1. Report ³J(HN,Hα) in whole Hz for each residue of segment 88-101, in order, from the Karplus equation J = 6.51 cos²θ - 1.76 cosθ + 1.60 where θ = phi - 60°; Gly and Pro get x.
2. Need the full-extension length gain, ARG52 to ASP85, defined as separation in residues times 0.36 nm minus the C-alpha distance. One decimal, nm.
3. Please compute the modelled spin-label separation between ASP107 and ARG92, points set 7 Å along Cα→Cβ, answer in nm with one decimal.
Amino acid sequence: MIRRSILAAALSLLTVAALAQTATQPPATPPAAAPAAPKARSDITLAKFQKRREKAIMAADTDGDGKISLLEWEAFQAKRNIKGDAAKSFARIDSNHDGFIDRAELDAFFAKRFARLDKNGDGVLTADEMPGHKSAPKPEQ
């Protein structure tokens, strides 16, 4: 019985000593120069904007010749359930009026659109400048 008492007392002393030691140590501080994890950025540059849009639109090039005809454009617009006159939108993009939309015309078209969306002119579209974002300004049509 005495042995149990001595063992219990010894364990109690060890526990009290351990608690006292942790109570007197200064709290651990995080490293002051630890860089914050980079936030996922939704900012889009002109090059990224053009590349994304071009990739989506060039899906209309069903014959793979690197340009989009009016017939391909109309089929593409119908497949995507786009409202409005496909011939009108085609004519807006076909700036050289050769009857085809090529990558250069797409780049020029999207550069103009990017400039309209980039309200502060910093060369980067932020989430609030993107169409469809709840705080985005309404596009002028």
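Nothing in this text is a laboratory measurement; each read-out follows from the coordinates by a stated rule. These numbers were taken from a predicted model, which means no experiment stands behind them. Cβ atoms come from the backbone with ideal geometry, glycine included; neighbour counts cover every protein chain shown.
1. Once θ is set to phi - 60°, the couplings for segment 88-101 become 5, 5, 4, 4, 5, 7, 6, 5, 8, 6, 9, x, 9, 9 Hz.
2. 9.6 nm
3. The modelled label-to-label distance comes out at 2.2 nm.
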